[in-house]
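Novice: This is the structure I have questions about; it appears just below.
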Amino acid sequence: MREIPGRRRRLLSRRSDGRPEQISAALTYATRWRWPVLPGVAPDPQGRGRCGCPDPECTVPGAHPFDPGLLAATTDARMVRWWWANRPTAPIVLATGGTAPCAVSLPALPAARALDALDRVGMRLGPVVASPTRWALLVKPYSMEQLGELLYAKDFVPGSLRFHGEGGYLALPHSETGTGSIRWERAPLPGSASPWVPDVEAVVDAAVDALTRTGVSAPEL
């Protein structure tokens, strides 16, 4: 097949315009921490706050997998490099559960209060991922049975509390989504071989208490 020089230059230019910190972060998650990741859907550049996926009503714009699908998540360095060489601004999406952490997320204000409550009782926390609207506390992997028993024991579980367990996903720091930048509210310790995370029970207790006290219970938040 004859190479078309102009096309090749455009491809090389497009790939070299990538964000080194994006690839570096994705490789850290996948190869050092052994967290399976994949590229998410980028926000729609033509519509502020809208997603690049076909769903015009997408509730997590730019913060979810689409093509490839979630089952493609991997810890393979070659695949990660290839993905972000071709899609340099794609959000980094974690496939939660299995050998990777799960997460409990809630709106930003009660999340900050939940963290304060956990600090006051001296509970050790793991990394906390923050978007402008929601924070996610990373926890140890849990089963649906374990989560069901935990929630059944509660008198009330606010609808704004979300669970990212087996078969779920979460956008990780250095990602740009339709709601803004994803960052560490509490970053893993530098040089961590694999970040420590707490059990889900204590985190859910603090999250439910914070949401109940602040009155933030609507599922759309």
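Novice: Conditions: (1) within 23 Å of Glu166 (Cα to Cα); (2) under 17 Å from the mean Cα position of the chain (by Cα); (3) assigned to a helix (DSSP H, G or I). Ala100 meets all but one. Number of the miss?
Specialist: Just one mismatch for Ala100, condition (3).
Novice: Here is a further query. If we keep just the residues of the range 139-198 that are of a type in the set (A, V, I, L, M) and open to solvent by 40 Å² or more (accessible area, probe 1.4 Å), which is nearest to Ala90 (Cα to Cα)?
Specialist: Just the residues of the range 139-198 that are of a type in the set (A, V, I, L, M), to begin with: 139, 144, 147, 150-151, 153, 157, 161, 170-172, 182, 187, 189, 193, 197.
Adding the requirement that they be open to solvent by 40 Å² or more (accessible area, probe 1.4 Å) leaves 144, 151, 153, 157, 187, 189, 193.
Values: Met144: 30, Leu151: 34, Ala153: 40, Val157: 34, Ala187: 21, Leu189: 25, Ala193: 25 Å.
This residue is Ala187.
Novice: If we keep just the residues of the range 1-53 that are of a type in the set (A, V, I, L, M), more than 30 Å from Gly191 (Cβ to Cβ) and at pLDDT 50 or above, which is least open to solvent (accessible area, probe 1.4 Å)?
Specialist: Step one: of the range 1-53, the residues of a type in the set (A, V, I, L, M) are 1, 4, 11-12, 23, 25-27, 30, 37-38, 41-42.
Remaining after also requiring more than 30 Å from Gly191 (Cβ to Cβ): 1, 4, 11-12, 41-42.
Of the ones still in play, those that are also at pLDDT 50 or above are 41-42.
Details: Val41: 14, Ala42: 40 Å².
In this case the residue turns out to be Val41.
Novice: Show the residue pairs that are 6+ apart or on different chains and have beta-carbon atoms under 7 Å apart, the first residue being within the range 108-135 and closer than 17 Å to Pro198 by Cβ and without any contact (Cβ under 8 Å) to a residue 24 or more places away in the chain, the second being open to solvent by less than 70 Å² (accessible area, probe 1.4 Å) and hydroxyl-bearing (Ser, Thr, Tyr).
Specialist: Partner pairs satisfying both residue conditions: none exist.
Novice: Does Thr74 fit the bill of being open to solvent by 10 Å² or more (accessible area, probe 1.4 Å) and in contact with a Pro (Cβ under 6 Å, 6 or more places away or on another chain)?
Specialist: Details: open to solvent by 10 Å² or more (accessible area, probe 1.4 Å): yes; in contact with a Pro (Cβ under 6 Å, 6 or more places away or on another chain): yes.
Spelling it out, Thr74 is indeed open to solvent by 10 Å² or more (accessible area, probe 1.4 Å) and in contact with a Pro (Cβ under 6 Å, 6 or more places away or on another chain).
Novice: Hey, among the residues in the range 88-106 that are farther than 14 Å from Ala171 by Cβ and touching a strand residue (DSSP E or B) at 6+ places or on another chain (Cβ under 6 Å), which one's surrounded by the most Cβ atoms within 10 Å (Cβ to Cβ)?
Specialist: So in the range 88-106, the residues farther than 14 Å from Ala171 by Cβ come out as 88, 97-99, 102, 104, 106.
Right, trim to touching a strand residue (DSSP E or B) at 6+ places or on another chain (Cβ under 6 Å) and you get 102, 104.
Numbers: Cys102: 26, Val104: 24.
Filtering the range 88-106 for residues that are farther than 14 Å from Ala171 by Cβ and touching a strand residue (DSSP E or B) at 6+ places or on another chain (Cβ under 6 Å), the one surrounded by the most Cβ atoms within 10 Å (Cβ to Cβ) comes out as Cys102.
The values are calculated or read from the model by the stated rules, or taken from the named source; none is laboratory data. Here the structure is a predicted model, which means the values were calculated and not measured. Cβ: placed from backbone, ideal geometry, glycine included. Neighbour counts: every protein chain shown. Only protein heavy atoms, including side chains, enter the accessible area calculation; ligands, DNA and RNA are left aside. Shrake-Rupley method; radii C 1.70, N 1.55, O 1.52, S 1.80 Å.
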